[in-house]
């Protein structure tokens, strides 16, 4: 599959998830139960990217020792929970990471 | 009755504070795409065609990990399943509109615009209240395209040694800052993260994102059911 075909399909599925309910629903058809479960989608999906990117090295092997990403991510989580600020979260994590790899 | 233009600009103003965090996302996306080896044109094409930050970063992450197209597309679909919820909520406010408006509104149904317009749509009785969502979505569109472009330009200048790929987990941590505070969300986060990490090498076709997300949602289903029952007793 060429890059452009891949991008097109990713775009199509993204658009479809946005369009589907608007196009077919007349009134509210989702009950509270489905809504409640769907509200957990971000918590269910994003850690699947976050955890391997922190705990595994470039070859997919566990990396617990000598891994500055763990401490930097922990700092970002703490700053995020305390500040609820997206930019502070990203930059505290990046700054700690750079400090650990370039200074320490 | 307010004019459509007034409502459009109300949408622009209401969504503006939420645009500040979009800036680093767009920059990081542009920089990483160039880093991975996409051309400036394909990188810009992703932002124009997909127009979804999380989807595009998941695409980059899996593409650079060598996942197949089918896995990438289904993972992007899984990331986007939250839009079904947004669409379901918005649909009752736009059900009387012509199809051409529904097609346009769907392109702009993104996290930030939904978050702001959801409140407005509920309160307003105006017939043209959907212009609020279009205003918010269009604002985000401009910010996303321009920061992608800026990221592409920076991407050529920023050395790989900076380890900017670490910005990917950080941006997703940032999306979840409010969820880390809730115990049920925290359990779902840990289940999904563990399944993805342990399954990274075991689950074939790099389908770990989908498997982990399903495990997380399944956990959420059970937890909310158990807790819900407790509250009713």
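Only the coordinates and a few stated rules stand behind these numbers; no lab work does. From a predicted model like this one, the values you see are computed outputs, not experimental measurements. Glycine also receives a Cβ, built like all others from the backbone with ideal geometry; neighbour counts cover every protein chain displayed.
Please say if chain B is rounded, prolate or oblate, where rounded means a/c under 1.5 for a ≥ b ≥ c the square roots of the C-alpha gyration tensor eigenvalues, and otherwise the choice is prolate for a/b larger than b/c and oblate otherwise? Note, shape of chain B comes out oblate.
Comparing B:215, B:113, B:33 in a Gaussian network model of chain B where C-alpha atoms under 10 Å apart are linked, the largest mean-square fluctuation is found at B:215. Using alpha carbons only, how many angstrom separate the centre of the stretch B:1-28 from the centre of the stretch B:180-218? Centre-to-centre (Cα) distance: 33 Å. Computed as a quarter of the hull surface, the mean projected area of the alpha carbon convex hull for the stretch B:1-104 stands at 8.7 nm². Scaled against 2.2 N^0.38 Å for its residue count N, the alpha carbon radius of gyration of chain A is 1.51.
Per-residue shielding of A:85-93, expressed as the average number of other chain Cβ atoms within 10 Å of the residue Cβ, stands at 6. Provide the FRET efficiency to the nearest 0.05 for the residue B:225-residue B:198 pair, computing r from the beta carbons and using R0 = 25 Å. With R0 = 25 Å, the Cβ-Cβ based efficiency is 0.50. Separation of the stretch B:124-141 and the stretch A:32-104, taken as the distance between their Cα centroids, equals 33 angstrom.
What separates the Cα centres of the stretch B:70-115 and the stretch B:145-161 is a distance of 29 Å.
The sum of -39500 (n - 2.57) across all DSSP H runs of n ≥ 4, divided by the residue count of chain B, sets its helix-only mean residue ellipticity at 222 nm to -24000 deg cm²/dmol.
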